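K.L.:
Below you will find the structure I want to go over with you.
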Ligand code: AHG
Ligand code: MN
Ligand code: MN
């Protein structure tokens, strides 16, 4: 593994570009170091105190695990040492100002998929780095297109770091021999033509007609209008779903639904949808609410939610076309279905 480029070398090169690249490189290095610490804590499981235990509720109304709180403290303290103007975390009520002279802000989900901790499934950390506008208070009100960099770490069988600096997507793996992230895949592209979808099917009765029509056709397989058999996966960690899509394609949906509190879906715009959408687009895919591009949205509040449909661009465009159709049921029967690359055999 020693001939592989380390994240440190990679960031050193990037940091020369300008002041915000220098600040962003420092923040990414600090987050990566914090994530290595989190990876050892997650790997220790029950040996590391009661990391799977619930201990409160966060500002977004979700149950907090002890590990959510510890991961938040670890990343927050690492970023306090770096040159960062302002932070926003899933686990804090509002942003924290650190060093207003810095050019960047960081929004992060310290531990994504934390309901997976006690069942020994992949969890992760997500982060988004944005420029600081003239008015510091508007840092987290910019559209997703403003992002300078975004990344996520998956604590799975391997600890992987997926990173975009706005010029493609590169993947690093934690080399346990020396505790450094090493570059393992450069310029990752999402395979365009796969037949795999991910959605929490238990919510079917709450979905809108478009999602229901689309998923019913996926389930109909070769006998449906899509004309091909689909595989389904649902992991319950956005990071793991995104990693799979970057590796073997497919589509992930967390739509809005009719349950109380789900009118904008479940996922949070600033520290889940924005950074993941940036990465997916940089890998040639697409990310949408079904009606709008995720990166065109700007948050009004730190914990704002959004529907998220992401993956291979043909698949996402197809669902967007269904949303644009006055009668999705008819649209599902229309020949358009057969015309799109996604559905060509
Ligand atoms: P978090 O643990 O940070 O709250 O995020 C969990 C998210 C996401 O990772 C996953 O896709 C989704 O919640 C799962 O939600 P359901 O349990 O509603 O399926
Ligand atoms: Mn999350
Ligand atoms: Mn979380």
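Since every read-out is calculated from the coordinates, none of them should be taken as a lab result. Since this is a predicted model, take the numbers as computed values, not measurements. In this analysis, Cβ positions are derived from the backbone assuming ideal geometry, glycine residues included, and neighbour counts consider all displayed protein chains.
K.L.:
Which whole-angstrom value gives the distance between the alpha carbon centres of region 14-31 and region 238-259?
P.N.:
Taking the Cα centre of region 238-259 as reference, the centre of region 14-31 is 29 Å away.
K.L.:
Looking at the chain, what % of its DSSP beta bridges pair antiparallel, to the nearest 5?
P.N.:
Taking every DSSP beta bridge with both residues in the chain, the antiparallel ones total about 85 percent.
K.L.:
For region 95-174 and region 292-313, what is the separation of their C-alpha centers, rounded to whole Å?
P.N.:
Rounded to whole Å, the Cα centres lie 15 Å apart.
K.L.:
For helix 66-81, what angle does its Cα long axis make with the longest principal axis of the chain, in degrees from 0 to 90 and rounded to 10?
P.N.:
Once rounded, one gets 50 degrees.
K.L.:
How would you classify region 1-80 from its alpha-carbon gyration tensor, with a ≥ b ≥ c the square roots of the eigenvalues: rounded for a/c under 1.5, else prolate if a/b is greater than b/c, otherwise oblate?
P.N.:
Oblate, since a/c reaches 1.5 and b/c is not below a/b.
K.L.:
Something else about it: Rounded if a/c is under 1.5, else prolate if a/b beats b/c, else oblate: with a ≥ b ≥ c from the C-alpha gyration tensor eigenvalues square-rooted, which is the chain?
P.N.:
The shape class here is prolate.
K.L.:
Using a cut-off of under 16 Å, list every residue of region 235-259 whose amide N is near the label point 7 Å from the Cα of residue 119 along the Cα-to-beta-carbon line.
P.N.:
Within reach of a label on residue 119: 235-241.
K.L.:
Next question, about the same structure. Which of 170, 18, 296 moves the most in a Gaussian network model of the chain with Cα springs under 10 Å?
P.N.:
Comparing 170, 18, 296 in a Gaussian network model of the chain, the most mobile one is 18.
K.L.:
Right, here's the next one. Express in nm, to one decimal, how much length is gained between residue 137 and residue 208 on full extension, taking 0.36 nm for each residue of separation and deducting their alpha carbon distance.
P.N.:
This chain segment gains 22.0 nm when fully extended.
K.L.:
Provide 118, 222 in ascending order of the number of other Cβ atoms located within 10 Å of each residue's Cβ, fewest first.
P.N.:
Neighbour counts put them in this order, fewest first: 222, 118.
K.L.:
Using R₀ = 25 Å, calculate the FRET efficiency as 1/(1 + (r/R₀)^6) where r is the Cβ-Cβ separation of residue 81 and residue 185; round to 0.05.
P.N.:
Calculated value: 0.30.
K.L.:
Once both axes come from the Cα atoms, what is the angle between helix 238-248 and the longest principal axis of the chain, in degrees from 0 to 90, rounded to 10?
P.N.:
70
K.L.:
Quick one: length gained pulling residue 16 to residue 325 fully straight, 0.36 nm per residue minus the C-alpha distance?
P.N.:
Net length gain for the segment: 106.4 nm.
K.L.:
In terms of the Cα gyration tensor, with a ≥ b ≥ c the square roots of its eigenvalues, is region 7-185 rounded because a/c is under 1.5, prolate because a/b exceeds b/c, or oblate?
P.N.:
Details: a/c = 2.03, a/b = 1.23, b/c = 1.65.
Since a/c reaches 1.5 but b/c is at least a/b, the shape of region 7-185 is classed as oblate.
K.L.:
Please work out the FRET efficiency for the pair residue 304 and residue 248, using the Cβ-Cβ distance as r and a Förster radius of 22 Å; give the result to the nearest 0.05. Could you put the intermediate results ahead of the total?
P.N.:
On the way: r = 31 Å, r/R0 = 1.39.
Computed FRET efficiency for residue 304 and residue 248: 0.10.
K.L.:
Using alpha carbons only, how many degrees (0 to 90, rounded to 10) separate the axis of helix 209-220 from the longest principal axis of the chain?
P.N.:
Compared with the principal axis, the helix lies near 80 degrees.
K.L.:
Using Cα-Cα distances under 8 Å and only pairs 6 or more residues apart, what relative contact order does the chain have, in percent?
P.N.:
15
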